[in-house]
């Protein structure tokens, strides 16, 4: 059996990779004929698609905590700076997507609309002080992040009554109708961070126990009181049921952890696993590219514009596979370019005036500056 405490927990990469696959499918359902979307099969897909965003946001919080706790014995600022840089990339892509889809020149506020990427970015910014500050005390981080997550979920009924510009931050009824307001979606970041806090060096049984506790919270809370029911309604088929989402995402992760521990190294390094990992480790690029491929206009034509509400199940499946393949190829291109981009930044940093002024100079170098 493979080691139970790998340096990288592949189960979380697989979770993100599967989320990318179903995110592409969820957006591609715009191509299905309306009667198929309303069919029993369409409703099953809709139910599955309701798990995509929680999985993404949960995994983002997990990764933040894992990175900070894993590097806690070193200097704090370099690891915080790396996380902030990654968060900046998420926010930049989120703003770019908003700029593409919305009339921001008329109303600049559209740039800040909380779709999933801006929601993840802002939630991570809010989580960084806690996660970085308690990185050397993972148990305290676990408890604090879990309590904050529960507080965010339980505050949803209060946020629903907010009106005006702040409504865009805490509910979906503001002027820009945010798809992912911080209430409740930021709760998934802190929930993921609570698990990530205990994941460094953890055995599979320990992680399973933590995730089992998270699943238990998702199952128990809807059954406690009428107030909690507003946040965690028990209706099985409702996409907005966050209690159910917490429960199922935790169970899926438990299954993936078991699968990772049971698979031989040959299978864990096989084509299928590497394909899903590629999508999971490049989920930001996957989000951007598949949206452009599906909804973007090229030479005045877009796939969604040409085929919206027109496809049967067969052509829908072909379109889904085609979008996945095209997105993966673009991701591989980014994987080839990104190290070269980082190397360029490193060279520019080495040549910056600050670094140059601190470097020892020869007499000829000094003379050339006179």
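Every number in this text was worked out from the coordinates using simple rules, so none of it is lab data. What you see is a predicted model; the values in this text were computed from it and never measured. Cβ placement follows ideal geometry from the backbone for every residue including glycine, while neighbour counts extend to all protein chains displayed.
In this label model, residue 101 and residue 47 are separated by 2.6 nm, measuring between points 7 Å along each Cα→Cβ vector. Fully extending the segment from residue 35 to residue 85 would add 13.6 nm, taking 0.36 nm per residue of separation and subtracting the current Cα-Cα distance. A helix-only calculation puts the chain at -22500 deg cm²/dmol for mean residue ellipticity at 222 nm, using -39500 (n - 2.57) for each DSSP H run of at least four residues, averaged over all residues.
Once you divide the Cα radius of gyration of region 50-262 by 2.2 N^0.38 Å, the number left is 1.03. Calculated on the alpha-carbon coordinates, the convex hull of the chain measures out at 195 cubic angstrom per residue.
Once you have a ≥ b ≥ c as the square roots of the Cα gyration tensor eigenvalues for region 24-125, tell me rounded if a/c is under 1.5, and otherwise prolate or oblate according to whether a/b is larger than b/c. In terms of gyration-tensor shape, oblate.
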